[in-house]
1. Which ones in the range 67-107 are assigned to a loop (DSSP other than H, G, I, E, B) and of a type in the set (A, V, I, L, M)?
2. Cβ contacts < 8 Å: first residue over 24 Å from residue 175 (Cα atoms), restricted to the range 196-213; second residue modelled with pLDDT of 95 or more and hydroxyl-bearing (Ser, Thr, Tyr), any location; separation 6+ or different chain. Result?
3. Could you check residue 152 against (1) hydrophobic (A, V, I, L, M, F, W, C); (2) over 27 Å from residue 67 (Cβ atoms); (3) surrounded by 21 or more Cβ atoms within 10 Å (Cβ to Cβ) and say which number it fails?
4. Could you please find all residues in the range 134-147 being charged (D, E, K, R) and surrounded by 18 or more Cβ atoms within 10 Å (Cβ to Cβ)?
5. Could you list, in sequence order, all residues of the range 90-133 that are surrounded by 19 or more Cβ atoms within 10 Å (Cβ to Cβ) and among the aliphatic types (A, V, I, L, M)?
6. Name, by its number, the condition in (1) surrounded by fewer than 20 Cβ atoms within 10 Å (Cβ to Cβ); (2) assigned to a strand (DSSP E or B) that does not hold for residue 223.
7. (1) in contact with a Pro (Cβ under 7 Å, 6 or more places away or on another chain); (2) more than 22 Å from residue 226 (Cβ to Cβ): which one isn't true of residue 159, the others all being true?
8. Inside the range 231-278, can you point out the residues that are assigned to a helix (DSSP H, G or I), over 23 Å from residue 114 (Cβ atoms), out of contact with any helix residue (DSSP H, G or I) (no Cβ under 8 Å at 6 or more places or on another chain) and in contact (Cβ under 8 Å) with a residue 40 or more places away in the chain?
Amino acid sequence: MREGSKFHALSSFLKPDGEFRHRPVMNHHSSAENPALSAANSYSSYRRIAAKLKGLPRRVAAPSFVIPDTVGANCHFLEGLFPEVGLCLFETDSCLAYGDQDLPPDLPGLNLDYHVHLPLDLPWAQGAEAAAQATLDLVTKTAFLNPRFYVLHPPGTTGELERFCTLWHNAGLQNRDLLLENIEGNDLDALLGVSGDLGLSLCLDLGHMLSYEQQFLLRVADWNRVRMLHVNAPGKSSRHEALTSLGPEGKILLQALLEHSRPETTVMLEIFGEQGLFDSAALLAQWMEQWKLV
């Protein structure tokens with residue numbers, strides 16, 4: 001990722017675990033002697049995992065921060081491996097400054113669908129209007145990708161949420177395409193009622209539920225409104241770990257989330273690293289088969 005496009009706010013838990021790998025050409029040298037062949041073998045294994053994901057009765061998405069490169073390069077890398085990419089627009093100012101190098105004009109031609117994760121640092125302190133304006137500017141910037149929906153870390157009060165949604169709706173956007181996510185410090189409990197009245201959707205994060213004791217959402221969430229699950233194992237300092245680190249309690253909760261959610265609910269493997277992402281994808285396919293969810 002070039003300097004101007006780094007996600008500084010996420011440096012505590014973004015853990016890219018491999019160098020950028022172009023899809024290589026096979027040759028006859030051993031993988032130990034030839035890094036390109038080793039990369040080819042890795043990509044071949046990714047293709048096998050991708051084939052298993054296609055057999056699942058769920059759409060499984062990947063984030064746009066898997067390899068240490070631009071959003072566009074990540075989308076090119078993930079094409080053919082996942083059907084959908086979540087655009088990680090985690091920083092307001094740097095993402096508003098994105099140009100064609102970050103979001104190249106060829107992205108609509110890839111065999112991918114997209115959704116947007118809105119910034120973690122929206123200017124709520126300046127008021128709902130400022131947060132909404134920054135959001136709408138990003139909506140405009142990504143409109144050429146026709147995102148399926150937008151994930152929002154919610155504000156702290158119902159009043160802020162109502163003002164934000166008024167501006168969202170007045171811009172011609174559908175409230176159901178705005179997904180509120182449970183986060184540290186906001187378990188959505190105080191917002192479930194008003195967000196339902198506003199017609200908003202939900203994104204439930206497995207790692208956050210485990211880290212911040214938000215398992216009650218399994219009981220109280222309106223599952224007709226849950227359009228996305230964020231799946232990862234909780235790590236130290238809010239790191240998003242691979243599912244290889246998920247303990248017994250986490251597996252039970254993941255199974256329950258999958259069983260409660262609708263077949264059209266997207267499962268987002270929110271894991272920021274190449275090896276961890278594909279290890280998690282393989283485990284997800286294996287567990288869903290074990291749980292008879294295929």
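1. Taking the range 67-107 as the starting set, the residues that turn out to be assigned to a loop (DSSP other than H, G, I, E, B) are 67-70, 80-81, 83, 89-91, 97-106.
Scanning the range 67-107 gives 67, 81, 89, 97, 103.
2. none
3. For residue 152, the failing item is (2).
4. Narrowing the range 134-147 to residues charged (D, E, K, R): 137, 141.
141, the sole residue that qualifies.
5. Matches in the range 90-133: 103, 107, 112, 116, 118, 122, 128, 131, 132.
6. In the conditions (1) surrounded by fewer than 20 Cβ atoms within 10 Å (Cβ to Cβ); (2) assigned to a strand (DSSP E or B), residue 223 misses (2) alone.
7. Here residue 159 meets the rest and fails (1).
8. 237, 275, listed by residue number.
The values are calculated or read from the model by the stated rules, or taken from the named source; none is laboratory data. Since the model is a prediction, treat every value here as computed from it, not as a measurement. Every residue, glycine among them, receives a Cβ derived from its backbone with ideal geometry; neighbour counts consider all protein chains shown.
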